[in-house]
1. So, of the residues in region 1-21 that are among the polar types (S, T, N, Q) and within 7 Å of the ligand (Cβ to nearest atom), which turns out to be most open to solvent (accessible area, probe 1.4 Å)?
2. Please go through region 101-117 and give me each residue that is assigned to a helix (DSSP H, G or I), loosely packed, with under 15 Cβ neighbours inside 10 Å and either without any contact (Cβ under 8 Å) to a residue 24 or more places away in the chain or under 27 Å from the mean Cα position of the chain (by Cα) (or both), ordered by number.
Amino acid sequence: MSVCPNCGTNLEEGAKFCASCGYEMSPRSNNQESDQEYYTNDNAIEPEIVGSPANIVKDRMVAGIFAILLGTFGIHKFYLNDMGMGVLYLLFSWTGIPSLVGLIEGILYLTATDEEFQEKYVK
Ligand SMILES: [Zn+2]
């Protein structure tokens, strides 16, 4: 129930004009609506999606190929964020052992499931 501010007549809810004196009512809801509209426009710029999971997941195939072809230098270890092992492979690359280990690891990477690979090998 609203009351005409001009003549004090009781008016129907949402009436735009006073039935008695013709005073133009300005309901508050109109102002609220325009406020909301303004607010919504303000938030129209969507925030950029930061750090999608794809950035964390290492590619099993890439790691496997690195291990088989470049395992001598521990490239696959560097790729998998295992810097310590990578350096170790690099230091012992002249012995030929990292090549063999890399080959085996490459096969293990390629035969593992994506979940196993992420769990066991990605640091
Ligand atoms: Zn009135």
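1. Checking each candidate, the answer is N6.
2. I104, T111, D114, E115, E116 - these are the residues of region 101-117 that are assigned to a helix (DSSP H, G or I), loosely packed, with under 15 Cβ neighbours inside 10 Å and either without any contact (Cβ under 8 Å) to a residue 24 or more places away in the chain or under 27 Å from the mean Cα position of the chain (by Cα) (or both).
The values are calculated or read from the model by the stated rules, or taken from the named source; none is laboratory data. Computed from a prediction, not measured in an experiment: that's the story for all the values here. Note: ideal-geometry Cβ built from the backbone for every residue, glycine included; neighbour counts use all protein chains shown. We work out accessible area using only protein heavy atoms, side chains counted, and drop any ligands, DNA or RNA first. Shrake-Rupley method; radii C 1.70, N 1.55, O 1.52, S 1.80 Å.
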